[in-house]
Amino acid sequence: MSQKISRGEQWLALLTHNAPRLSGLCPSVQVADGEINGQPARFVAVIPDAQNHYPRAARGEVGLLEGWTLGKVVSETVAEDADQPRKRAIVAVIDVPSQAYGRREEAFGIHQALAAAAAAYANARLAGHPVIGLIVGKAMSGAFLAHGYQANRLIAFNDPGVMIHAMGKEAAARITLRSVESLEKLAETIPPMAYDIANYHSLGLLESLLDISNPDAPSASDLATVEQTLAEAVTTARQDPGLKDRLKAQNRHSSALVREKMRAAW
């Protein structure tokens, strides 16, 4: 029986209409070229690789190979478009459960690998590429910071399988010396600690929250909705490439106030 592919890999195939993958990359980083609203775009996903040279990155985590490869792909895209008046959109298809935790990863500098990926996405955004993060599954911890968080616009599926957080519930419970149950109760009153996507949406970081009937078996209508939303996000990112919209949500009032006070003091 064939192994079920990840949401990231599935949506990469759907959005690029099964376009050929770029060659010469590590198997866990899949890149394909497609179109958004008739314009060329590059789609990037990190997927599980059971044969990964680093076992800690075998289930879709972002590790050494993934971080450096993401940085390479995005940086090469920027270089290829350097002389083009209209830069390609770059879509990070996000379904990453964590960064890779391991002694080898730490010894070989996973912090540098993930920083390279984050910097490449930021440089692409600053160079005029509309960078869109499409969160179809988990977007956890350093993996999300490296793959997608630097996007001009973030879009997520409104689905229980979508989770955005610094760490898993069990790990967070250990760190805070709480049970998972008490952590969940605390999250009801502190949105940044919550795991459901609705609370994350209230923090202002998402451009759109999409209702998809079945993210694991999407209909033609679901695909059309995602494609239309991506097109709209690319358009708004070209018109306003900044990130100030992230401060306009209901639970970012204090952040906006702090910035206002700091500007006045300086």
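General observations
- Residues (under 21 Å from A231 (Cα atoms) and not in a strand (DSSP E or B)) located in segment 140-158: H147, G148, Y149, Q150, A151, N152, N158
- Criterion violated by K261 - all others in (1) open to solvent by 30 Å² or more (accessible area, probe 1.4 Å); (2) of a type outside the set (G, A, S); (3) not in a helix (DSSP H, G or I) satisfied: (3)
- In segment 19-39, the condition of being touching a Gly at 6+ places or on another chain (Cβ under 9 Å), touching a residue at least 60 places away in the same chain (Cβ under 8 Å) and closer than 30 Å to T236 by Cβ is met by no residue.
Okay, residues lined up against (1) out of contact with any Asp or Glu (no Cβ under 7 Å at 6 or more places or on another chain); (2) β-branched (V, I, T); (3) part of a helix (DSSP H, G or I); (4) open to solvent by 60 Å² or more (accessible area, probe 1.4 Å):
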position	(1), (2), (3), (4)
L206	yes, no, no, no
L209	yes, no, no, no
L230	yes, no, yes, no
V234	yes, yes, yes, no
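- Test for A172: is it surrounded by fewer than 16 Cβ atoms within 10 Å (Cβ to Cβ) and either over 24 Å from W11 (Cβ atoms) or in contact (Cβ under 8 Å) with a residue 12 or more places away in the chain (or both): no
- Scope segment 236-258; condition touching a residue at least 24 places away in the same chain (Cβ under 8 Å), of a type outside the set (G, A, S), outside any loop (DSSP other than H, G, I, E, B) and out of contact with any Leu (no Cβ under 7 Å at 6 or more places or on another chain); matching residues: T236, R238, D245, L247, Q250
- Those strands (runs of 3 or more DSSP E) of segment 13-130 in which 2 or more residues are modelled with pLDDT of 95 or more, over 24 Å from L154 (Cα atoms) and open to solvent by less than 10 Å² (accessible area, probe 1.4 Å) are absent.
- Subset of segment 182-197 (residues that are assigned to a helix (DSSP H, G or I) and either open to solvent by less than 60 Å² (accessible area, probe 1.4 Å) or in contact with a His (Cβ under 8 Å, 6 or more places away or on another chain) (or both)): S182, L183, L186, A187, P191, M193, I197
- Test: R7 is in contact with a Pro (Cβ under 7 Å, 6 or more places away or on another chain) and open to solvent by 60 Å² or more (accessible area, probe 1.4 Å): no
- Residues that are within 15 Å of the chain's Cα centre (by Cα) and either at pLDDT 85 or above or assigned to a strand (DSSP E or B) (or both) were ranked within segment 159-169; the one that is surrounded by the fewest Cβ atoms within 10 Å (Cβ to Cβ) is G161.
The values are calculated or read from the model by the stated rules, or taken from the named source; none is laboratory data. Because the structure is a prediction, the values reported are computed rather than measured. No Cβ is skipped: glycine too gets one built from the backbone with ideal geometry, and neighbour counts run over all protein chains shown. Just the protein is used for accessible areas: all its heavy atoms, side chains included, with ligands, DNA and RNA removed. Shrake-Rupley method; radii C 1.70, N 1.55, O 1.52, S 1.80 Å.
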